[in-house]
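Here's the structure, in structure tokens; my notes come after.
What follows draws every value from the coordinates through simple rules; no lab data is involved. Just so you know, these numbers come straight off a predicted model, no measurement behind them. Here the Cβ is made from the backbone with ideal geometry for all residues, glycine too, and neighbour counts use every protein chain on show.
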Amino acid sequence: MNKVLYISSEAYPLIKTGGLADVAGSLPIALQKNAQDVRLLLPAYPEVLRNINKSKIRTVSSYYSQPVNIIETRLPGSKVIVWLVDCPAAFNRPGGPYTDGHGQIWDDNAFRFAIFCHAAVDIALNKLQLDWQPDVVHCNDWQTGLVPALLHLQPQRPATIFTIHNMAYQGIFDQQTFFDLHLPVELWHMDGLEFHNQLSFIKGGLAYADKITTVSPHYATEILSPEFGYGLDGLLRSRIKNLSGIINGIDDKHWNPGTDEHLKQKYNRRSLDKKLLNKTDLQQELTLAVDASIPMIGMVSRLVEQKGLDIILLALSSLLTHPIQLVILGTGETHYELQLAEWAQNYPDHLKIIIGYNESLAHRIEAASDMYLMPSTFEPCGLNQLYSLRYGNLPIVTHVGGLADTVTDANQENIANGTANGFVLEEQSAAALLASIEQALVLYQQPKIWRQLQINAMSGDFSWQTSAERYIELYQQALE
Ligand code: ADP
Ligand code: GLC
């Protein structure tokens, strides 16, 4: 049994902005089921403190003259112990984990996540009297990047794993920040935390972790190229022997159409007809024409460039001439929100845009839709296409990252050999997007084929078991 400290800046259901939370809220449970002694470390944001019931304060320390407590609780619905880094100066404020209520990035994020990392390092070295020292420290994304770097300087330390969920977010700050954070000067060089004379948090993970992983095999090869590596592809190529891709699983308890409490009508692959009740229910709720035969295309997403919004916007004028209902739930960049809202105003029968974050509606859109839109420019793994497959809602995706690893195009050959489970664009363009949607609409009119595609999609194994085993193998290798 390994003792694993799993460090993340968000974890469902305590706090979530995207897929990282889904992973950090479910992988530790899968690891625990596989005999790992896991503790999850999170910042104590107000929303987290509101979401926990039992808590006890375990210890007190201070970083940058700011007092820090460690609060202990459990991940709701599980036995996984959660330690919360409670530092009011860093985390007790309204807004989200990374931005204020207006979506503006907090200007002291370096300081906030440096405190988080220092607490993680002290726990890793058993300096906080928690009577528990990990064998493995598993870090996620830039917010945890200083941990492998700081631990690297210790003669006796746990093994370190760094998982990249998204290379586009690197935690870059100016050089002065490096000095203000009093980071050890020996970390300031081009093979360390320095990135073109700036401080890079993610480089702490990429340069110093014993093992680097990312969340799909395809993305693990893409990030070795300049197009997807954002200036860090060279560093990653130099670490290729220690880099691997492990696909994310999904939490079968929360994302299962057979048991999903958010749904009007539960269903499974043997009772697919019942799925339609979820569509008519949503049509009613969104004041769309109530007709189960109209193809519904869903999307639940951060509204950012990554998710392919530019080609979606370009495709809309043609797309909305088809007899479809397109339902998009999301929040993100204001210009996307405004443009989508304007299109929806002009095409009220064909397009509904719901701006906001709504977990229940996200589940209901997955269950109601026939097709799911995810034409990302890059996608490290992507969870929404996995949820869609699980809900018999066929994803329309680009051939990138985890989308390429999980969706197989419904061309004639793949339909014949029983592997087709969605639609893959020929390239990331509005024309290719329209072509794929039109291909989907044609097949939608052939109920026998469509039903088979849905069954193929729903039969895929996207559970955490296999991936959890791969992480445990990797922990073993790192310890050796
Ligand atoms: P990313 O992490 O890049 O945003 P993923 O597909 O990995 O993309 O995960 C996104 C997660 O966030 C999914 O669980 C999705 O349902 C959820 N999500 C995104 N936007 C919203 C929203 N507006 N309301 C509810 N859930 C959302
Ligand atoms: C990131 C990626 C997404 C991935 C998620 C969880 O947010 O954008 O592709 O699924 O992390 O690993």
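Close amide H partners of Q66, meaning residues 5 or more places away or on another chain with modelled amide H under 5 Å apart, do not exist here.
Neighbours of F228 by Cβ distance under 11 Å: Lys/Arg scored +1, Asp/Glu scored -1, total -4.
Annotation: amide H of V38 within the under-5 Å range of V4, sequence separation 5 or more or interchain, hydrogens built in the peptide plane. Using a cutoff of 8 angstrom between alpha carbon atoms and counting only pairs six or more residues apart, the relative contact order for the chain works out to 12 percent.
Taking the C-alpha atoms only, the angle from helix 309-319 to the longest principal axis of the chain is near 10 degrees.
Kindly identify region 330-480 as rounded, prolate or oblate by the Cα gyration tensor criterion: order the square roots of the eigenvalues as a ≥ b ≥ c, call it rounded if a/c is under 1.5, otherwise compare a/b with b/c, prolate if a/b is larger, else oblate. Taking the square roots of the gyration eigenvalues as a ≥ b ≥ c, region 330-480 is oblate.
Per-residue ellipticity at 222 nm for the chain, helices alone: DSSP H runs ≥ 4 residues times -39500 (n - 2.57), over residue total, nearest 500 deg cm²/dmol? Let's see the in-between values first.
On the way: 21 runs with 182 residues, N = 480.
Per the formula, -10500 deg cm²/dmol.
For the residues V147, V407, what sequence is obtained by ranking on other C-beta atoms within 10 Å, fewest first?
Values: V147 31, V407 28.
Arranged by neighbour count, lowest to highest, V147, V407 become V407, V147.
Rounded to whole numbers, the Karplus 3J(HN,Hα) couplings from phi for region 373-389 are 9, 8, x, 4, 6, 8, 8, x, 10, x, 9, 5, 5, 6, 4, 4, 4 Hz, using 6.51 cos²θ - 1.76 cosθ + 1.60 with θ = phi - 60°, and x at Gly and Pro.
3J(HN,Hα) along region 116-130: 4, 5, 4, 5, 4, 5, 5, 5, 4, 9, 6, 9, 9, 6, 8 Hz, from the Karplus curve 6.51 cos²θ - 1.76 cosθ + 1.60 with θ = phi - 60°, whole Hz, x for Gly and Pro. Spatially, region 211-244 and region 395-411 are offset by 20 Å when compared through their Cα centroids.
With a simple spin-label model that places each label point 7 Å from the Cα along the Cα-to-Cβ direction, the separation between W132 and T321 comes to 6.1 nm. Using the Cβ-Cβ distance between T287 and A89 with R0 = 60 Å, the FRET efficiency computed as 1/(1 + (r/R0)^6) comes to roughly 0.85. A Förster radius of 45 Å, combined with the Cβ-Cβ distance separating H182 from Q465, puts the computed FRET efficiency at roughly 0.55. Charged neighbours of I297, selected by a Cβ distance under 13 Å, balance to -1 (K, R count +1; D, E count -1).
Estimate the FRET efficiency between N34 and N346 by the formula 1/(1 + (r/R0)^6), using the beta-carbon distance for r and 56 Å for R0, to the nearest 0.05. Taking R0 as 56 Å, the efficiency between N34 and N346 is 0.60. Loop-located trypsin sites (Lys or Arg not before Pro) in region 1-81 (DSSP state not H, G, I, E or B) with no more than 13 neighbouring Cβ atoms inside 10 Å: K54, K79.
Residues of region 217-240 falling in the label zone of D191, defined by backbone nitrogen less than 12 Å from a point 7 Å along Cα to beta-carbon, are 238-239. Expressed as an acute angle from 0 to 90° and rounded to the nearest 10, what is the orientation of the C-alpha long axis of helix 465-479 relative to the principal long axis of the chain? The angle comes out at about 20 degrees.
Take the convex hull of the alpha carbons in the chain; its mean projected area over all directions comes to 21.7 nm². Taking every DSSP beta bridge that has both ends in the chain, the antiparallel portion is near 30%. By other beta-carbon atoms within 10 Å, ranking D107, D86 with the fewest at the front produces D107, D86. Subtracting the Cα-Cα distance of S55 and T17 from their residue separation scaled by 0.36 nm leaves 11.3 nm. Label sites at A435 and N417, each approximated as a point 7 angstrom past Cα along Cα to Cβ, lie 2.1 nm apart. Neighbour counts of C-beta atoms inside 10 Å place L272, L31 in the sequence L272, L31, starting with the fewest.
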